[in-house]
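S.K.: Structure in structure tokens, see below.
The values are calculated or read from the model by the stated rules, or taken from the named source; none is laboratory data. Quick caveat, the model's predicted, so the values are computed rather than measured. In this analysis, Cβ positions are derived from the backbone assuming ideal geometry, glycine residues included, and neighbour counts consider all displayed protein chains.
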Amino acid sequence: MTCTVFRIIRRQTFLLPCLLLVLMANGCQPSASSSNEILIGHYASMTGSEATFGISTDNGIKMAVEELNAAGGIRGRKVKLITYDDKGDAREAGTAVTRLVTKDGVVAVIGEVASGLSLAAAPICQEASIPMISPSSTNPKVTRIGDMIFRVCFIDPFQAHVCAKFAREHEGLKATKAAILTDQASPYSVGLQDEFEKSFGAMGGTVVSKQTYQAGDQDFSAQLTSIRAAEPDVIFIPGYYTHVASIILQARKLGITQTFLGADGWDSAKLGEIAGEAINGCFYSNHFSHEDQSPKVQEFIRKYTAKHQQTPDALAALGHDSAMILFEAMKKIDSLDGVALAAELAKTKDFDGVTGKISIDADRNAVKPAFILEMQNGKPKYVTTMKPGE
Ligand code: PHE
């Protein structure tokens, strides 16, 4: 296509000004799509130790794109999704987002799941005035990067409060002593650790042991031995599923019988596959439960399962909801200029998503309830819902 354009230019120099005019009318961005398509970007861990995060989110976004396009797109224009694999790496995330906003000319970016990666790439979107919607990064700092950065999920001070309250009050737990095992290089993990410690302390609990690990570690026996000696009632691991599963397997081998508790980073079909029976009876907080009987959720599960032969997890649902609020905003404005689009996204109110009602607050976050799930026979089972302000 580019070659043809240049051959024409060489032969007929008078076409050059016309071509430039067309490019300028398109915001100077020669779109990578052939036609009149609207491009949106997604950066995600499609491979690596958090691969299910990216794959599920991408599936959810694609479902929303297909539905939108089948219904006529945005004022007759189809939406095209460009997804880049960042392999769960901060540097790769930056490269992917730079490419989306500078080369591909996307009008908006969806991603990342992991807070550390959203924090790495959000400044690029902010700088380029391209709205970014994180489906699932819960660290408060993410949306503080600037007025172009949004999320459709709750944030970690709330999530940690929910976990602490559950640890203190749940009939089978009534914990007064907690141990915490944190991924020290992950802003998500460190943020949750701090907030959990605050909330648990304020509720009369004591953190009796604080241990750390780093993504990539294989052997957790030193940390687990210290935790065992501190005799906690509950062990909080604010990490991602691959590490959580191996930590719990190793803990059981060391004779640690206590209940483990975690947060949304546990949510992956792989968690139960890797940890097996070792994780039975452990709990985590999440954004979604497939047992939610609302017609909206059940319809989503039916469509998703038909397509992927797998029950959707929270990330599939949040990916879907991110795309949906983006399309709603796009439908309401005439130009797809980034600043106008961000202003419209900021007005999102009571959007009926698969993960509940989404209203974007003054800090560009969503305020939503959390679900507590219990691992049973390798699968998460619904236990209870905790609402903000309770
Ligand atoms: N909240 C996690 C983070 O901020 C990401 C996550 C969300 C993982 C939902 C799984 C499910 O890093």
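S.K.: Only one of LYS332, LYS347, LYS381 is touching a residue at least 60 places away in the same chain (Cβ under 8 Å), farther than 13 Å from PHE154 by Cβ and out of contact with any His (no Cβ under 9 Å at 6 or more places or on another chain); which? Let's see the steps before the verdict.
M.R.: Numbers: LYS332 fails: touching a residue at least 60 places away in the same chain (Cβ under 8 Å); LYS347 fails: touching a residue at least 60 places away in the same chain (Cβ under 8 Å).
Residue meeting the stated conditions: LYS381.
S.K.: Among the numbered criteria (1) surrounded by fewer than 19 Cβ atoms within 10 Å (Cβ to Cβ); (2) assigned by TED's automatic domain parsing to the domain that holds ALA269, which single criterion is violated by GLY146?
M.R.: So GLY146 meets the others, but not (2).
S.K.: Could you give me the residue pairs with C-beta distances under 8 Å whose first residue belongs to the stretch 294-320 and is closer than 10 Å to SER56 by Cβ, whose second residue is of a type in the set (D, E, K, R) and part of a helix (DSSP H, G or I) wherever it lies, and which are 6+ apart or on separate chains?
M.R.: Close Cβ pairs satisfying both conditions: ALA314/ASP264; GLY319/ASP58.
S.K.: Counting only residues that are within 12 Å of the ligand (Cβ to nearest atom) and in a helix (DSSP H, G or I), which one in the stretch 170-196 is farthest from GLN258 (Cα to Cα)? Walk me through it before giving the result.
M.R.: Step one: filter the stretch 170-196 for residues within 12 Å of the ligand (Cβ to nearest atom), giving 183, 186-192.
Filter once more, keeping what is in a helix (DSSP H, G or I): 187-192.
Working: PRO187: 26, TYR188: 24, SER189: 21, VAL190: 22, GLY191: 23, LEU192: 20 Å.
The extreme case among them is PRO187.
Residue-wise test of (1) of a type outside the set (Phe, Trp, Tyr); (2) in a helix (DSSP H, G or I); (3) at pLDDT below 95; (4) in contact with a helix residue (DSSP H, G or I) (Cβ under 6 Å, 6 or more places away or on another chain).
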site	(1), (2), (3), (4)
VAL5	yes, yes, yes, no
LEU23	yes, yes, yes, no
SER33	yes, no, yes, no
THR57	yes, yes, no, yes
GLU66	yes, yes, no, no
ILE82	yes, no, no, yes
ARG91	yes, yes, no, no
THR98	yes, yes, no, yes
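S.K.: Can you tell me which residue within the stretch 301-316, out of those that are part of a helix (DSSP H, G or I) and touching a His at 6+ places or on another chain (Cβ under 7 Å), is surrounded by the fewest Cβ atoms within 10 Å (Cβ to Cβ)?
M.R.: First pass over the stretch 301-316, keeping only residues part of a helix (DSSP H, G or I): 301-308, 314-316.
Right, trim to touching a His at 6+ places or on another chain (Cβ under 7 Å) and you get 301, 314.
On the way: ILE301: 19, ALA314: 29.
Here the answer is ILE301.
S.K.: In contact (Cβ under 8 Å) with a residue 12 or more places away in the chain, surrounded by 24 or more Cβ atoms within 10 Å (Cβ to Cβ) and away from the ligand (no atom under 14 Å from the Cβ) - does that describe any residue in the stretch 158-169?
M.R.: Checking the stretch 158-169: at least one residue is in contact (Cβ under 8 Å) with a residue 12 or more places away in the chain, surrounded by 24 or more Cβ atoms within 10 Å (Cβ to Cβ) and away from the ligand (no atom under 14 Å from the Cβ).
S.K.: If SER118 meets every condition in (1) within 30 Å of LEU271 (Cβ to Cβ); (2) surrounded by fewer than 24 Cβ atoms within 10 Å (Cβ to Cβ) apart from one, which number is that one?
M.R.: Among (1) within 30 Å of LEU271 (Cβ to Cβ); (2) surrounded by fewer than 24 Cβ atoms within 10 Å (Cβ to Cβ), SER118 violates only (2).
S.K.: Checking ARG144 against (1) touching a helix residue (DSSP H, G or I) at 6+ places or on another chain (Cβ under 8 Å); (2) away from the ligand (no atom under 12 Å from the Cβ); (3) closer than 26 Å to HIS42 by Cβ, which test does it fail?
M.R.: Of (1) touching a helix residue (DSSP H, G or I) at 6+ places or on another chain (Cβ under 8 Å); (2) away from the ligand (no atom under 12 Å from the Cβ); (3) closer than 26 Å to HIS42 by Cβ, only one is false for ARG144: (1).
To keep it simple, each residue is scored yes or no on (1) surrounded by fewer than 24 Cβ atoms within 10 Å (Cβ to Cβ); (2) in the same structural domain as SER115 (by TED's automatic domain parsing); (3) more than 18 Å from PHE200 (Cα to Cα); (4) within 13 Å of the ligand (Cβ to nearest atom).
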{"site": "GLU231", "(1), (2), (3), (4)": "yes, no, no, no"}
{"site": "VAL234", "(1), (2), (3), (4)": "no, no, no, no"}
{"site": "SER246", "(1), (2), (3), (4)": "yes, no, yes, no"}
{"site": "LEU254", "(1), (2), (3), (4)": "yes, no, yes, no"}
{"site": "THR257", "(1), (2), (3), (4)": "yes, no, yes, no"}
{"site": "ALA263", "(1), (2), (3), (4)": "no, no, no, yes"}
{"site": "GLU277", "(1), (2), (3), (4)": "yes, no, yes, no"}
{"site": "ASN280", "(1), (2), (3), (4)": "yes, no, yes, no"}
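S.K.: Out of the residues in the stretch 350-364 that are within 14 Å of ASP147 (Cβ to Cβ) and in contact (Cβ under 8 Å) with a residue 60 or more places away in the chain, state the one that is surrounded by the fewest Cβ atoms within 10 Å (Cβ to Cβ).
M.R.: Step one: of the stretch 350-364, the residues within 14 Å of ASP147 (Cβ to Cβ) are 360-364.
Subset that is in contact (Cβ under 8 Å) with a residue 60 or more places away in the chain: 360, 363-364.
Working: ILE360: 22, ASP363: 12, ARG364: 23.
Taking the candidates together, the pick is ASP363.
S.K.: Of the conditions (1) within 16 Å of the ligand (Cβ to nearest atom); (2) touching a Lys or Arg at 6+ places or on another chain (Cβ under 9 Å); (3) within 27 Å of GLY356 (Cα to Cα); (4) assigned to a helix (DSSP H, G or I), SER136 satisfies every one except a single condition; which number is it?
M.R.: Among (1) within 16 Å of the ligand (Cβ to nearest atom); (2) touching a Lys or Arg at 6+ places or on another chain (Cβ under 9 Å); (3) within 27 Å of GLY356 (Cα to Cα); (4) assigned to a helix (DSSP H, G or I), the lone unmet condition for SER136 is (4).
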